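Student: First the structure, then my questions, so here it is.
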Amino acid sequence: MGRVIIQYSGKHIRILEVAADKAIKYIDQFDYLDSMLFFLEPKLNHKRISEMTDMLVNSMKKNSVYTDSIDFVLDSRLAYISVIPVDFSDEIDNTNSTLIWELSNFFPESYKNFKISYQKLNNKNGIYGNTLLIAYHKQIAEITKRISELTSIKFNKINFDVFTAGLYFRNSGFSDFICIGSKNDKTDISFYAGNKLSYFTSLYLKEKQTDYYNGELTDILNLAEFSGIKNIFVYGEESAVSLLGNLNELCQKREITMPDPFSEVTFDNPYDKLKSLHSFSFIPLFGIAS
């Protein structure tokens, strides 16, 4: 049985339909409102929800995409993602209190309105933190539920692009690597060791081509525990192209690549629009499809 994956990142909505034999049946990208504005308005905007729903339904009907279940991948900017130290010898209530306390420091007035999850990290000594905290506003889940009701399509659990992109590289046979996701105002950096996530951090800067940004990025990539990792993979939005060139200058002793997932699959119905799509932007979708 095939799968349908939708990604909403920045202003781009991407759709990927994969057949059971992994052939691509349909792939497309169209633009809408920036996802930060769409999901994080002060209250539900039913007009915009209806507009997006119509766009999805019309696109899927036009291209004969039929499914009752969709994997939904969202922009990492919609989540609070942080690495923190947690004492797992404590009782579960104390662990939960630690997570809530961390979140409340950043969202003191609204932390109760977030959905929280966490996972232990695979690192040697935990000096950078041993636990990944993931939180997103309940309104995101409410909007997703509303879209599901309007389309009669079930959405699987909410995923974020930083994690599904990592899954793509893991499924490609890499065990130790760094993957860097580039957006216009954010850079996500994920470290994997032993095929498991070991550390995560982000850089938020409006102007990336600065000495400060390069210095911060270099310091992060040279963290002692991960200095032996040679493979760095780049993906993301259009800004990933300039980031790739920047990394080639900063990290000359490492293997830096921007994979092309389109070259690794077959297309049932190749069409001209593929030429206008940035294949590296689809890596988070292929992470689920692979």
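Student: Of all residues in the range 273-284, which are in contact (Cβ under 8 Å) with a residue 24 or more places away in the chain and under 16 Å from GLU238 (Cα atoms)? Quick ask: steps written out before the conclusion?
Tutor: Filtering the range 273-284 down to residues in contact (Cβ under 8 Å) with a residue 24 or more places away in the chain leaves 273-274, 277-278, 280-284.
Answer for the range 273-284, where residues must be in contact (Cβ under 8 Å) with a residue 24 or more places away in the chain and under 16 Å from GLU238 (Cα atoms): LEU274, LEU277, HIS278, PHE280, SER281, PHE282, ILE283, PRO284.
Student: While we're looking at this one, here's another question. Does at least one position in the range 163-170 carry a residue that is part of a strand (DSSP E or B), under 25 Å from LYS11 (Cα atoms) and hydrophobic (A, V, I, L, M, F, W, C)? First the steps, then the outcome.
Tutor: Initially, the range 163-170 is screened for residues part of a strand (DSSP E or B), giving none.
No, the range 163-170 has no match at all.
Student: Take SER279 and tell me if it is hydroxyl-bearing (Ser, Thr, Tyr), touching an Asp or Glu at 6+ places or on another chain (Cβ under 6 Å) and crowded, with 16+ Cβ neighbours inside 10 Å.
Tutor: When the stated conditions are applied, SER279 passes them.
Student: Checking the conditions here, which among GLU102, GLU51 is within 23 Å of the chain's Cα centre (by Cα), of a type in the set (D, E, K, R) and assigned to a helix (DSSP H, G or I)? Even if it seems obvious, please write down each step before you answer.
Tutor: Working: GLU51 fails: within 23 Å of the chain's Cα centre (by Cα).
None of the others qualify; the one that does is GLU102.
Student: Only one of TYR136, TYR118 is of a type in the set (Ser, Thr, Tyr), modelled with pLDDT under 95 and in a strand (DSSP E or B); which?
Tutor: TYR118
Student: Same structure again: Being outside the structural domain of LYS183 (by TED's automatic domain parsing), crowded, with 21+ Cβ neighbours inside 10 Å and among the acidic types (Asp, Glu), is that true of even one residue in the range 23-44?
Tutor: No, there is no match, as no residue in the range 23-44 is outside the structural domain of LYS183 (by TED's automatic domain parsing), crowded, with 21+ Cβ neighbours inside 10 Å and among the acidic types (Asp, Glu).
Student: Here's another thing I want to ask about it. Can you go through ILE81, ILE147, ILE143, ILE134 and tell me which one is within 19 Å of ASP161 (Cβ to Cβ), surrounded by 15 or more Cβ atoms within 10 Å (Cβ to Cβ) and touching an Asp or Glu at 6+ places or on another chain (Cβ under 9 Å)?
Tutor: Going through ILE81, ILE147, ILE143, ILE134 in turn, just one is within 19 Å of ASP161 (Cβ to Cβ), surrounded by 15 or more Cβ atoms within 10 Å (Cβ to Cβ) and touching an Asp or Glu at 6+ places or on another chain (Cβ under 9 Å): ILE81.
Student: Can LEU103 be described as touching a Phe, Trp or Tyr at 6+ places or on another chain (Cβ under 7 Å), surrounded by 18 or more Cβ atoms within 10 Å (Cβ to Cβ), closer than 30 Å to PHE286 by Cβ and at pLDDT 90 or above?
Tutor: Working: touching a Phe, Trp or Tyr at 6+ places or on another chain (Cβ under 7 Å): yes; surrounded by 18 or more Cβ atoms within 10 Å (Cβ to Cβ): yes; closer than 30 Å to PHE286 by Cβ: no; at pLDDT 90 or above: yes.
Against the criterion (touching a Phe, Trp or Tyr at 6+ places or on another chain (Cβ under 7 Å), surrounded by 18 or more Cβ atoms within 10 Å (Cβ to Cβ), closer than 30 Å to PHE286 by Cβ and at pLDDT 90 or above), LEU103 does not qualify.
Student: Within the group SER64, SER110, which residue is hydroxyl-bearing (Ser, Thr, Tyr) and at positive phi? If you could, list the steps in order and put the result at the bottom.
Tutor: Numbers: SER110 fails: at positive phi.
Exactly one of SER64, SER110 is hydroxyl-bearing (Ser, Thr, Tyr) and at positive phi, namely SER64.
Student: Can you tell me which residue is surrounded by the most Cβ atoms within 10 Å (Cβ to Cβ) among those in the range 193-226 that are farther than 14 Å from LEU250 by Cβ and free of Cβ contacts under 8 Å to residues at least 60 places away in the same chain?
Tutor: The selected residue is PHE226.
Student: Out of all the residues in the range 33-84, which are closer than 19 Å to LYS186 by Cβ and among the hydroxyl-bearing types (Ser, Thr, Tyr)? Before you say what the answer is, go through the steps one by one.
Tutor: Here is the first cut: in the range 33-84, the ones closer than 19 Å to LYS186 by Cβ are 33-40, 73-83.
Within the range 33-84, SER35, SER76, TYR80, SER82 meet the criteria.
The values are calculated or read from the model by the stated rules, or taken from the named source; none is laboratory data. Note that the structure is predicted; figures quoted are calculated from it, not measured. Neighbour counts are summed over all protein chains in view; Cβ atoms, including those assigned to glycine, are modelled from backbone coordinates with ideal geometry.
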